[in-house]
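For reference, the structure is listed below as structure tokens.
The values are calculated or read from the model by the stated rules, or taken from the named source; none is laboratory data. The model shown is predicted, which means the values in this text are computed figures rather than measured ones. Here Cβ is always computed from backbone atoms with ideal geometry, including for glycine, and neighbour counts include all displayed protein chains.
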Amino acid sequence: MSLNSVRQEWWEVLSPPADLSDRCGQLVSHQRSQGDLTTEELKGLVLSIAQAPDLWKPLVVTDPARRRYRLLYEDDRIDIWVLSWMPGQATGFHDHDRSRVALMSVQGTVLEKQMLLPSGAASVEMTPGTVRTGGAGYIHSVQHLEGLPAVSVHAYSPPLKLVGQFVVDEQGILERKIEHGRRELMDNSIRL
């Protein structure tokens, strides 16, 4: 088995460094919501994190074999991740189950595709400062475009517990496979 086909398991994702998590928690505490955050609140949060590179840069991992993701912060209403992308690394189409999302490029460029039926996919090149948001069930894929590594910050509310990975079987049937929210998504799905 090659390194490219070995996925990072959810139990391998390390707890966030306490100092970074504490500082990020202060940003989270400034949100108005007492419960789950709205997509606009998530957007504001990733923008705030992007403006503090000393929060996310320590979590960047350059690994040409596997896309890496590190947990920056989590509580009962949100989790925040720093994802590192190298050439050839992508998620495949997936949704975030019941979690809302805001994602932002902070270094390099990633490509986000949104499924458009029946015509294929709409693509957005996410350069530093580009923020995308989606509600529960938002279907997209993300892949590296430029930067060694490209880096994005993702915030989910409620915390990302389940992910629906979209795959096509040998007969061409589209299937949604449920994955743990911390399990690495592999790009073995739909090509649009």
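Taken over the stretch 137-163, the criterion of being out of contact with any Gly (no Cβ under 6 Å at 6 or more places or on another chain) and either exposed (fewer than 15 other Cβ atoms within 10 Å of the Cβ) or of a type in the set (Phe, Trp, Tyr) (or both) is satisfied by 137, 138, 148, 156.
Among 72, 55, which is surrounded by 20 or more Cβ atoms within 10 Å (Cβ to Cβ) and closer than 24 Å to residue 136 by Cβ? None of the others qualify; the one that does is 72. Applying the criterion of being among the polar types (S, T, N, Q) and within 16 Å of residue 101 (Cα to Cα) to the residues of the stretch 121-146, the residue that is modelled with the lowest pLDDT is 141. For the stretch 66-91, the set of residues classified as touching a Ser or Thr at 6+ places or on another chain (Cβ under 6 Å) and among the hydrophobic types (A, V, I, L, M, F, W, C) consists of 78, 83, listed by residue number. The strands (runs of 3 or more DSSP E) located wholly in the stretch 98-192 that include 1 or more residues which are of a type in the set (S, T, N, Q) occupy 100-116, 120-126, 131-134, 140-157, 162-168. Can you give me the number of residues within the stretch 33-82 that are under 16 Å from the mean Cα position of the chain (by Cα), of a type in the set (D, E, K, R) and under 19 Å from residue 160 (Cα atoms)? Looking only at that region, the number is 6.
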